[in-house]
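As structure tokens, the structure follows; a few thoughts come after it.
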Amino acid sequence: MLGWLWQKLGLDKASQQEKATALHAIEMVIDGCDGRLRLLPAYQQRLLPGVRLTLDYLAGLPWQRIDPLELSLRSFSTDRRLGLLFSSPLSLLLCLKSSESLQSFFLSASQGDQAWAILSMSRSETVRFGMVEHNGEVRSDVAQQIVSFDQHRLIEPSATPEDLQQSARRRGLAVLVEVIDRRIKLLQQMRLDLQTELEKIQLKLATFGHAGRVIIDATGGTDNMASLSPEDAESLRQREAELQQQLQPLARLAELEGILDVVCEVLEQPARFFHVEAQTIYLNRMGVLHERQDADDVTALQFEQVVMGQLQPISRVLMPVQVQRQQVQELEQQFADELAALQQQQMQGGLF
């Protein structure tokens, strides 16, 4: 009975550990957004409910429930998914060589010769017209949707799949902190842009004389020398009212309390600003999108789609991968000349 009471009061070991984790997460959020928020009284109490909601939400995300893709020269002939993600084995090698985190992993004596990681990519779609065979009839100029992947990055190289799972969950909070910081900056820039436009309109209206003309060209533009009709002035007044209305909810960003409100808003509704969903698409070897897997050359491509932010959202494709030190060396041996030529070009380009 005494144990139940301690748990009810939040004084048991598990509750104390949960609170310590939440407080540590709060400090991570503050460090990544605006350290001045620590000047506000009781900022931890303000953020604690939202952080707890966020940690529970991140723990329930479907991280990496896809079989890892082997990144190797051999996989280009045995796994058609690899050819859909990379244009060539050389492009795969360049991705592996440019990953500082992977290089550091293999250089560490405490790590093994095999790494599990998350491959992050940007997905783009274009439309082109090509030829399609339908019921034995060849049709030309048929619109086809082409899916391609670029901006490859390797994230969180780990010694085991279990370590990768834990790293992915920890990284979820770091990514959400970046989302919060970006949202604050976008809102502040929006406020600045609206305020600048409002000031210009108010200046024009201030220089509008009763005779229907500009008395002083105070804005410095050549267009202001022309007369301003009453209709134009009324249009400016309407726009002035619109801007003032749009600025009202943004005025809070001029103070720390307003910035803290934005942080709380995201933490208390994390699904609106950061969500992950498993997706499966069907592509042929040319990257043409199909509705279903009903042809010999169509491959099912499974990945996780991550959408970050609400204002100007950013979308990334994530896929678990596995790579061995020996496989990287095989790629280096196969494309030694091409890699040396590219490195030489980069060195020459850096001279100018």
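Assuming R0 = 41 Å, what is the FRET efficiency of residue 233 and residue 122, from their Cβ-Cβ distance, to the nearest 0.05?
Details: r = 47 Å, r/R0 = 1.14.
Efficiency for this residue pair is about 0.30.
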Exercise. Which is farthest toward the positive dipole end of the stretch 290-347 among 331, 299, 309, measuring Cα position about the Cα centre, with Cβ charges +1 (Lys, Arg) and -1 (Asp, Glu)?
Worked result: 309
Problem set entry | Karplus 3J(HN,Hα) series, Hz, for the stretch 315-330 with 6.51 cos²θ - 1.76 cosθ + 1.60 (x for Gly, Pro) | 10, 9, 9, 10, 8, x, 9, 9, 9, 10, 4, 5, 5, 5, 5, 4
For this session: Only Lys, Arg, Asp and Glu count, each charged at its Cβ (+1, +1, -1, -1), so figure out the dipole size of the stretch 228-330 about its Cα centre, rounded to 20 debye.
Result: 420 debye
Exercise. About its Cα centre, how strong a charge dipole does the stretch 45-112 have in debye, to the nearest 20, once Lys and Arg get +1 and Asp and Glu get -1 at the Cβ?
Worked result: 140 debye
Exercise. What's the FRET efficiency of residue 333 with residue 42 using the Cβ-Cβ distance as r and R₀ = 56 Å, to the nearest 0.05?
Worked result: 0.40
For this session: Multiply the residue gap between residue 169 and residue 256 by 0.36 nm, knock off their C-alpha separation, and tell me the result in nm, one decimal place.
Result: 28.4 nm
For this session: Please give every one of the aspartates and glutamates within straight-line cross-link reach of residue 204, meaning a C-alpha to C-alpha distance under 20 Å, and leave out same-chain neighbours fewer than 8 residues apart.
Result: 193, 217, 223, 231, 232, 234, 240, 242
Problem set entry | residue 342-residue 244 pseudo-label distance in nm [points 7 Å out on the Cα-to-Cβ vector] | 5.9 nm
Problem set entry | Sequence-distant residues sharing a close amide H with residue 70 (under 5 Å, placed H) | 322
Exercise. Roughly what would the spin-label model give for residue 302 and residue 326, points 7 Å off Cα along C-beta, in nm?
Worked result: 2.7 nm
For this session: Rounded to the nearest 0.05, what FRET efficiency do residue 286 and residue 28 give with R0 = 41 Å and r taken as the Cβ-Cβ distance? Could you check?
Result: 0.40
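Test of understanding: what is the full-extension gain from residue 76 to residue 107, defined as 0.36 nm times their sequence separation minus their Cα-Cα distance?
On the way: separation 31, 0.36 × 31 = 11.16 nm, distance 2.59 nm.
Difference between extended and current length: 8.6 nm.
Rule-based calculations on the coordinates, nothing more; no lab input. Everything numeric here is computed off the predicted structure, so don't read it as measured data. No Cβ is skipped: glycine too gets one built from the backbone with ideal geometry, and neighbour counts run over all protein chains shown.
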